[in-house]
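What follows draws every value from the coordinates through simple rules; no lab data is involved. The structure presented is a predicted model; accordingly, all values stated were derived computationally and were not measured. Neighbour counts run over all protein chains shown; Cβ positions are idealised from the backbone, glycine included.
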Amino acid sequence: MRQRHWATGLWIVWLVTTAQAGPLDALSKQIEAMKPDEALTVLDQQQTQISNWPAKDQGGYYRLRAQQRENLKNISGAREDYARAIQLYRALPDTGAELVNSLLDLGYMDYLIHYRAEAYCPTYTEALTIARKLHDRPLLAKTLVNNAYCERTENGSYERGIGLLSEALDIAKQDKLTDDVHALVYNASAVLSGQFHLYQQAYDYMRSAHQHFERMGQAQSMFNAQHSLFSYALQLGDQALARRHLDAMSDMVAKHPDQPDFAFFAALNRGSYHFMLGEDDAAKQYLALAAGHAGKTSERYFVRLLYAFQTILHYSLGETRRARDTLALYNAVQLPSPDPDYADLITAISQQMRGESEHAAQGMVREWRKLHSKKLRDARLQRENTAKGFDQRLDRYERQLLQTRLKISELEREKLSSEGVQTRLVAALAVLMAVLFAILSVWLYRARNLFRRSAQVDALTGIANRRHVFEVGESMLALARLRKAPLAVVYLDIDHFKAINDRYGHQVGDEAIRLVVKQAQQSLRRQDLIGRIGGEEFVILLPFATERDAEDIAERVRRNIESQPLAIAGHTISLTVSLGIAVLHKKSHTLSDLLKRADDALYQAKQSGRNRWIRHLDGTTVMGSIDDPPEGGRGQAH
């Protein structure tokens, strides 16, 4: 399903209104009202004659044909034509805008083909480099938004994405651009908020985006927004609200029969909804309906997702023949990389059907379906009990941040209004509210937010797991750098944990881990977050913590754990921990840098005798240990 970053039709309007009368102008007007297949026939007939056209018009011809091929779902053919146009435009001195638009379109084709940022982001980067040299600010804003999507990768920067979207919004406000830019920024803000599990903010931003799309009459974008609203409603545990958005999508199917893939996605969404609820009969009905419309979309990822659901569903119900049929369809849809959320499960089912394994797949299917049903139940319980668990603390913390930033911005606006910079401050305030989290293409992540997102909670302790604590850490780092606020991280490791496991067994080891977490949580502030990153290792995130704050908190944690031995099965086991501290400074460019310094400090604490903390300081370390005075927790430089 298409989610173009800008209206393709704008380029055609520009072409017709700005080109001088000539063969390309006449050809554009000739095909303007034609259906895509009719227009493509006319364009193909014209191809033998374009060699006599100016090179710029030849590039325009290939762009026109690429758009018609794209409308007919011939993505590889469209990509080929966009590449031809780019080759022609590169050789000309006055085709900057045409080249930028063609690069952006080529990048989108690569997204549809590969579904990997590595495939299209180099093209977007080149487009931005060229756009910055032009005097076309609307085009620059468009290119900035596209490049912000590239910051969603594992090595991407949350802060860079915000910066790109901020610049785009500044242009939109200063130049009084139409709703397009604002809608795209709200849309991207929602998508990234959802990725960082801030689902209420994501829902609110997407609702604003939908209002802009509705004012512009963009049915495709309205439908996309309805799907995202459905997804965020599910994540919030509000099934009634989710059903309302499903109904809205069904209404749009009836109102827009000219949109070929609406029916596919509406049925897929409703089928996946019933599938996750364990309502198998309804799920089979709607997934079968989606399969009947699968040929109407070029989004192969979602077609493959459909066949994966059908295979898992039929297999779990013992419908082996149907499972074989849908498995064959699944295998026929080739993607560069499979979705890890279900790829292993599909592989196990396939192996068992070929007689290569016994019953492993059956157990995997049961556990996989339990997991997805549990996600919905957990979301509902979380919504009904917002005062419980670290997710709720994180939500409160983010709301407090927003309120603080609004107050600061209000004070700054009052202070600066006398200096004649009111307009710029209003724009900055809008950026802070509208671009809290921005980037990513909604259609790449629309299903992955539902079916691919791993659990946030460590199963043993109930605290944040490795993935979630690192994701929250990235957002805390971005906010700290934006506000120039302090931030500290602490690595914590249980001393001699292997000896405890070896002597008393893993069950006692698990209880030791739980006790350490309990004692550590009692030592933390309300806004702090602790997560388990593996075995007996933990990371603690300390927003707004100075060096002194971090040292005091680490010492509290150390003493609190030391003061409470584990009493179990007639044994009393003393527990101690070692901690490494690192505080954000100008040389800490990434969360990885910060964590590495904390890990180095932890290693030094272990080497120095354990049961102590060490803070990493450039060239030196500051240590706190069992010999420190209780009241201060102060260390000494080494």
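Some observations on this one:
- Segment 218-225 - phi-based ³J(HN,Hα) in whole Hz, Karplus 6.51/-1.76/1.60, Gly and Pro as x: 8, 4, 4, 5, 4, 5, 4, 5
- Approximating the spin labels as points 7 Å out from Cα along Cα→Cβ, the M353-to-R160 distance works out to 4.2 nm.
- Hydrodynamic analysis of segment 271-336 uses the Kirkwood radius over alpha carbon pairs. Inserted into Stokes-Einstein at 25 °C and 0.890 mPa s, it gives a translational diffusion coefficient of 208 µm²/s.
- Derived scalar couplings between HN and Hα for segment 533-545 equal 10, x, x, 9, 9, 9, 10, 10, 9, 10, x, 6, 9 Hz in order, rounded to whole Hz, by the Karplus curve 6.51 cos²θ - 1.76 cosθ + 1.60 (θ = phi - 60°), x for Gly and Pro.
- The orientation-averaged projection of the convex hull spanning the C-alpha atoms of segment 510-558 amounts to 3.3 square nanometres.
- Inter-label distance, K35 to D593: 5.9 nm, where each label sits 7 Å from its Cα along the C-beta direction.
- In summary, segment 212-345 shows an alpha-carbon radius of gyration equal to 1.07 times the 2.2 N^0.38 Å reference for compact globular proteins.
- For the residue pairs K35/K73; K73/K142; K255/K296; K73/K296; K142/K176; K35/K142, alpha carbon separations beyond 19 Å are given by K73/K142; K35/K142.
- Distance (nanometres) between label positions extended 7 Å along Cα→Cβ at R321 and Q507: 4.9
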